[in-house]
Amino acid sequence: MGGQEERKPRNVYILLTDTGTLFTKLIKSFTGAPYNHASLALDLDLHRAYSFGRKSLSNPLAAGFVEEDIYGGIFRRHPDTRCVLLRLSEEQYKHAGTVLEGFGRAGERCKYNLIGLLGIALNIRIEPRDRYFCSQFVAEALERSGFGLFEKPPALVAPHDFLLHPGLDKIFEGPLYEYPFLDRELLPDSAAEAEHAILMATESG
């Protein structure tokens with residue numbers, strides 16, 4: 001994490017997280033993996049992060065392609081979120097951006113592939129058209145960018161597979177809000193805000 005990378009964050013990053021929500025705890029009970037959500041990020045400070053997940057904090061079933069708010073949203077409601085950030089090569093940056101724009105244009109047509117999670121558990125490829133779960137989306141987006149990481153199809157890629165991949169550099173692992181390249185001005189900066197975040201996390205389970 002040298003200063004040169006901080007001035008020119010042109011790499012593609014994979015962010016794996018564990019928010020501790022009831023949904024992630026349920027997945028974790030099946031996978032036993034430390035991280036069960038994957039996102040694709042285009043900058044070192046994580047302002048631009050994309051995945052498939054919930055569109056509404058109050059309704060986890062309303063899910064699809066989302067531009068994630070690392071500084072607010074579900075991550076702010078779960079301040080104990082842990083993460084690991086993995087780095088890909090710089091030459092994939094422009095290609096990945098174009099692919100993500102395509103997902104964005106698809107809009108509401110893209111839905112969450114909930115049944116595909118069962119497919120991973122059974123090692124069965126389940127991929128309805130325009131439906132993705134988080135790690136399937138990351139693997140698919142990278143494959144479309146010309147950077148296929150795995151021999152198996154995206155519908156069988158779990159978040160933990162990225163963590164085990166020898167070609168990815170681990171930049172950081174630990175509590176999300178201790179990640180050194182976050183924009184500190186956007187984080188809770190008072191005891192009241194921190195207490196409110198913890199209270200919200202407790203109420204949401």
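What per residue convex hull volume, in Å³, do the alpha-carbon atoms of region 69-179 yield?
Working: hull volume 14.4 nm³, N = 111.
Here the figure is 130 Å³ per residue.
Working with all protein chains in place, sort Glu178, Glu68 by solvent-accessible area computed with a 1.4 Å probe, largest first.
Glu178, Glu68
The values are calculated or read from the model by the stated rules, or taken from the named source; none is laboratory data. From a predicted model like this one, the values you see are computed outputs, not experimental measurements. All accessible areas refer to the heavy atoms of the entire protein, side chains included, with ligands and DNA or RNA removed. Shrake-Rupley method; radii C 1.70, N 1.55, O 1.52, S 1.80 Å.
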